[in-house]
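The structure under discussion appears below in the form of C-alpha cells.
The values are calculated or read from the model by the stated rules, or taken from the named source; none is laboratory data. In this text the structure is predicted, and so the values were computed from the model without any measurement. All Cβ positions, glycine included, derive from the backbone under ideal geometry; neighbour counts span all protein chains shown. Only protein heavy atoms, including side chains, enter the accessible area calculation; ligands, DNA and RNA are left aside. Shrake-Rupley method; radii C 1.70, N 1.55, O 1.52, S 1.80 Å.
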Amino acid sequence: MLLPVLCGQLLVVGLSGTEMSPTERRTLAASERGGVILFKRNIAPRMLGVASLIASVQSAMPDGLPALVAVDQEGGRVARLGPPALVLPAMRRLGDLGDVDLLTRVAGALAKELRALGFTMNFSPVTDVHTRAENPVIGDRAFAETHEDVARFAGAWADGLSRGGILTCAKHFPGHGDTTVDSHLALPRVERRRADLDRVEIAPFRALAKRPSIDAMMTAHVVYPCMDAEHPATLSRAVCHDLLRTELGFRGVLFSDDLEMKAISLSPGEAAIAAVAAGCDVLLVCSNADMANEVHAALVHEAEASGTFRARCAEAFARALAMRRRVVPTPLTDADALSRVFASNATISNELECRLAVPAAR
C-alpha cells in the first residue's frame, strides 16, 4: 500500500459544511482519509440532507475502504442532531433511573436513527466516573459517581447501540472524571496514586475492555503522573499500550481525542506521530483542514524514515479497517422511508419522557 494511503486511512476528519467541498471529495477519493466526524455545522435543517451528505461521503470512498462516519450523540449538552431525532437527556439523568433495560432500549432506538442516516459510529458511551463536582467538561455526561454503576450503565448503553448496528467507543481512557481543567482549553493533570486510579477511574474501562459491544475506546488528553509524568494519555505508550493493550487486554480500535484541542502542546505533526507510536490507531482532526494535511504529511514522512513506525501504521490501519468493514454507511435517501424511522421511535420517546418526569431516588 502506498504510504499516503496507509497514513491517510488513520485520519478521521471534520467537514466544513452541509455538503462536501470539491477538495474534501478529492481527498476521500484519493484514499487519504479514513472517514469523517459530523458536527452541528454539518447538520442540514432536514434529516434527508444529513443522509445525502453521508451518501456522498461513502460514494467518494474507493472500493474496499468504507468510510467511518462518526458523531458525538451522547445526549444532554453533547448532541449534534436535533428533532426529529430522539431527544436524549444527559446520561446522568438516565443513570439516576437505574434501569438497565431502559438504557439498552433507548440506545437501540438511537442506533436505529443513526443507521438510517448512514452513521456507523457514535462516540459513546462516556465511561468516566463523575468524582469531582467542579469538573468543567464531564459532569452530567457521566452515568454515575461510582465505577460499578458507570460500568453497568455504559455497558448497557453500548449493548443497545451495538444491537442497533452502530459501532461504539468508550471514552475518555483512562478516565477524565477527576479533572478540574477542560482539555479543550488546557492540559489537565490527575494527581492520584495508581492504586486509586485502578480503584475508580480505570475500573469501568477494565470491566468493559473485553465486552463484545465495545468496539473502540478514545484517549483522554490528561496527564497521569503515576503512569507517565511527561505525556498526556493520548501520547503515552505507558497508557495506550502497556495499560490498555497489555494489562487490560483490549483488542479494539483506539482513537485519539481531537488533536486540535489546546491540551496538546506539540505541533500537529509531532502530536500525530507520538500518538500513533504510543498506540493510537485512528487520529481525530475535527475542524482544521490545513492541520489534517499537516498531520498527514508528518505521518507519511515518519513512515518513510522508520520501518518500525511504518509497521505500527500498518497494524493500526488493519485494526481500524476490520472494524469499519463490519458497519458500512447505508443511508436512507428516500424522505418517506427516513421519516418512518423517526416516527417509529415515538413510543420509546414517550416512555422516556414519562420516566424522566418522575424524580429519581438517588
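For every other residue with a beta carbon closer than 12 angstrom to the beta carbon of Ile264, add +1 if it is Lys or Arg and -1 if Asp or Glu, then tell me the sum. Neighbourhood net charge equals -3. Springs between alpha-carbon pairs under 10 angstrom, Gaussian network model over the chain: which of Ile264, Ile273, Ile348 fluctuates most? Comparing Ile264, Ile273, Ile348 in the GNM, the peak value goes to Ile348.
Rolling a 1.4 Å probe over the protein heavy atoms of the range 28-138, with every protein chain left in place, gives an accessible area that is 52 percent carbon and sulfur.
For the range 253-362, which whole percent of the accessible surface, found with a 1.4 angstrom probe, sits on carbon and sulfur atoms? After summing per-atom areas, the C and S share lands at 53 percent. Only one residue of Val200, Thr330, Leu15 has its Cα farthest out toward the positive end of the dipole of the chain, where Lys and Arg carry +1 and Asp and Glu -1 on Cβ, and that residue is Thr330. For Ser287, what residues show an amide H to amide H distance below 5 Å, using hydrogens built from the backbone and excluding near sequence neighbours? Amide H to amide H, under 5 Å and 5 or more residues apart or across chains, Ser287 pairs with Gly14. Across the chain, what fraction of all alpha-carbon pairs, as a whole percent, falls in each successive 10 Å bin from zero upward? The percentages, shortest bin first, are 6, 26, 35, 25, 8, 1, 0.
Which value, in Å², gives the accessible area per residue of the chain when a 1.4 Å probe is used on the protein heavy atoms?
Working: 13840 Å² over 362 residues.
So the chain comes to 38 Å² accessible per residue, rounded to a whole number.
Multiplying each eigenvalue of the alpha-carbon gyration tensor of the range 142-186 by 5 and taking the square root yields semi-axes of 24, 14, 7 Å, largest first, rounded to whole angstroms. Rg and Dmax over the alpha-carbon atoms of the range 1-88 stand at 13.8, 44 Å. Our compactness index for the range 254-356, the C-alpha radius of gyration over the empirical 2.2 N^0.38 Å, is 1.55.
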